[in-house]
Structure formats: structure tokens, C-alpha cells
Amino acid sequence: MTENFCVFLDAGHGGLDKNGKYTTAPSKMYQHSQGNFHDGHFFYEGVWNRTLTNRVAAKLDKLGISNIMVSHEYVDISLDYRVDMANWYYRNFRKGIYISNHANASGSGAARGFEVYTSPGPTASDKIAEFHWNNVKDLLGSRISMRADTSDNDHDKEARFFVLTRTVMPAMLVEHLFFDNYDDASLLMDDEIVERFAEAQVRTVINFMNS
Ligand SMILES: [Zn+2]
């Protein structure tokens with residue numbers, strides 16, 4: 001497809017190191033009272049982020065779409081390094097997008113659903129987020145809750161997250177359901193759900209490349 005287009009993929013936080021130790025803050029994991037997640041009742045957000053992001057990368061590879069993983073296999077490397085890496089390579093590609101993959105936590109365990117974030121104000125990122133909203137709705141809308149902010153005439157939420165404001169290319173941060181909610185966490189362990197979230201992301205990339 002487009003030779004000078006690159007997708008910068010960021011699996012948020014860190015994962016499990018070679019000794020099975022979780023490298024990320026305790027707030028990025030949750031111990032449920034039941035169920036079987038990444039380690040018994042424990043759900044590790046960083047591990048899930050990697051499962052999804054690796055699947056997106058594999059799909060992009062099959063399509064011949066350049067992609068660079070700016071997160072580490074398991075180390076929770078700084079956001080500064082991730083963004084710097086993406087910005088450095090972007091100068092050589094000239095076109096591309098940055099996608100940061102996460103799952104959410106509310107603290108109470110009560111919240112559920114999917115959200116997509118861009119930096120505040122109207123930018124090219126809003127177009128990507130709107131493509132993504134529609135692709136997720138098409139592929140998963142009947143199974144998940146969709147959380148929108150429509151006050152500015154689109155569905156994305158806006159926040160000054162580092163990876164959204166410091167990246168030089170259009171960027172979105174996706175919150176895939178709430179891992180501290182048992183029902184949402186159970187959905188995230190379903191391979192078909194992961195497959196559909198990954199497929200939605202690839203379709204969003206293609207929509208944006210063709211726009
Ligand atoms: Zn996160």
C-alpha cells in the first residue's frame with residue numbers, strides 16, 4: 001500500500017518479565033474475586049495491551065503496511081522514549097499515525113465500555129478516532145458498551161495525555177473496556193473480542209490511509 005506510511009503501535013505500560021514479574025504499577029492490574037485471567041484471578045492490563053497490539057501488528061504485516069512497535073516486549077519504558085522513537089521515524093516516513101492501546105479501570109469496578117481519546121481541539125486525530133469509533137461499532141457494537149463525548153460533534157473524548165500531545169503525527173489512545181469490571185474483563189479474555197478489536201484498528205488505519 002502506501003510506502004511512506006507507518007503505523008506507530010504503543011502497547012501501554014509494561015508486561016511480564018522473563019521471571020513472570022509484572023513490570024507495571026499495581027494500579028494497572030486487578031485481582032477479581034472469581035474467573036481466570038492472566039494469573040488466576042489477576043488481570044494485567046499491560047499483558048492484555050500487548051496481546052491486542054501484537055495482533056494488530058501481525059495483521060498490518062500481512063497487508064504490507066509498515067508498522068513500528070514503540071513499546072517494549074515487557075519493560076515499561078518511558079512515554080518520552082516511546083514518543084521520541086515515533087517522532088524520529090516519522091520524519092523518514094512523512095505519513096502515519098500513532099495508536100496507544102489500553103484497557104481502563106474506574107476504581108469502583110462499576111464502569112464498563114469502550115472509549116477513544118484524542119488531544120483537545122479539532123485536529124487530524126479526530127478523523128481517525130471517528131473512523132475507529134465506527135469500525136468498533138460495526139464489529140463489536142452489539143457486545144460492548146460504547147462511551148462517547150458528543151459535545152463537540154464527534155464521539156471521541158479529549159485529554160492532554162502525553163502520547164497524544166507530544167506526538168507529531170495524528171494520534172489516538174484507545175481504552176478497551178474496564179479491566180476492573182468482571183464482565184468487561186471476561187470479554188477481554190475472549191479471543192474473538194480481541195480479534196474484532198484488532199480488525200477494527202486495521203480498518204481504521206486503511207480508512208485513514210485512503211482519506
Ligand atoms: Zn492503561
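Summary table below
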quantity	calculated
Helix 191-209 vs. the chain, principal-axis angle (Cα, 0 to 90°, nearest 10)	20 degrees
Reach of Lys62 by Cα under 20 Å, taken over aspartates and glutamates that are not fewer than 8 positions away in the same chain	Glu3, Asp10, Asp191, Glu192, Glu195, Glu199
Interchain or long-range residues, amide H under 5 Å from Asn104's placed H	His176, Leu177, Phe178, Phe179
Long-range HN-HN contacts of His72 with modeled amide H, under 5 Å	Ile77
For the chain, with +1 on Lys and Arg beta carbons and -1 on Asp and Glu, the positive-most of Asn67, Gly12, His176 along the dipole	Asn67
Selection from Met189, Gly107, Phe162, by position along the positive dipole direction of the chain (Cβ)	Phe162
Estimated 222 nm signal from helices in the chain, with DSSP H stretches of n ≥ 4 weighted -39500 (n - 2.57), rounded to 500	-12500 deg cm²/dmol
Nearest 10 degrees, 0 to 90: helix 79-93 Cα axis against the chain principal axis	30 degrees
Crossing angle, helix 124-140 versus the chain [Cα axis fit, 0-90 degrees, rounded to tens]	50 degrees
Charge dipole (debye, nearest 20) of the stretch 4-126; +1 at Cβ of Lys and Arg, -1 at Cβ of Asp and Glu	320 debye
Spin-label model distance (nm) - Ala124 vs Asp80, 7 Å beyond Cα toward Cβ	2.7 nm
Magnitude of the charge dipole, the stretch 64-163, Cβ model with Lys/Arg +1 and Asp/Glu -1, debye to 20	200 debye
Prolate/oblate/rounded label for the stretch 60-120 (Cα gyration tensor, a/c 1.5)	prolate
The chain: relative contact order in percent, alpha carbon pairs under 8 Å with at least 6 residues between	28 percent
Burial order of peptide ranges 191-198, 104-111 (average beta-carbon count within 10 Å, highest first)	191-198, 104-111
For Met29, Met172, order by how many other beta-carbon atoms lie within 10 Å, fewest first	Met29, Met172
Packing rank of 88-99, 17-28, 58-69, where each peptide gets the mean count of other beta carbons within 10 Å, highest leading	88-99, 58-69, 17-28
FRET E, pair Phe42, Asn19, Förster distance 25 Å, beta-carbon r, rounded to 0.05	0.95
Unit charges on C-beta of K, R, D, E only; dipole of the chain, Debye	460 debye
Taking the stretch 91-204 and dividing mean pair separation by its residue count, relative contact order in percent (alpha carbons under 8 Å, at least six apart)	43 percent
Whole-Hz couplings from phi, Karplus 6.51/-1.76/1.60, listed for the stretch 23-40; x for Gly and Pro	8, 10, 3, x, 5, 9, 9, 8, 9, 7, 8, 8, x, 10, 10, 6, 8, x
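We did not get these values from a lab; they are worked out from the coordinates using the rules stated. Note that the coordinates shown come from a computational prediction; the quantities given were computed from them, not determined experimentally. Reconstructed Cβ throughout: ideal geometry from the backbone, glycine too, with neighbour counts over all protein chains shown.
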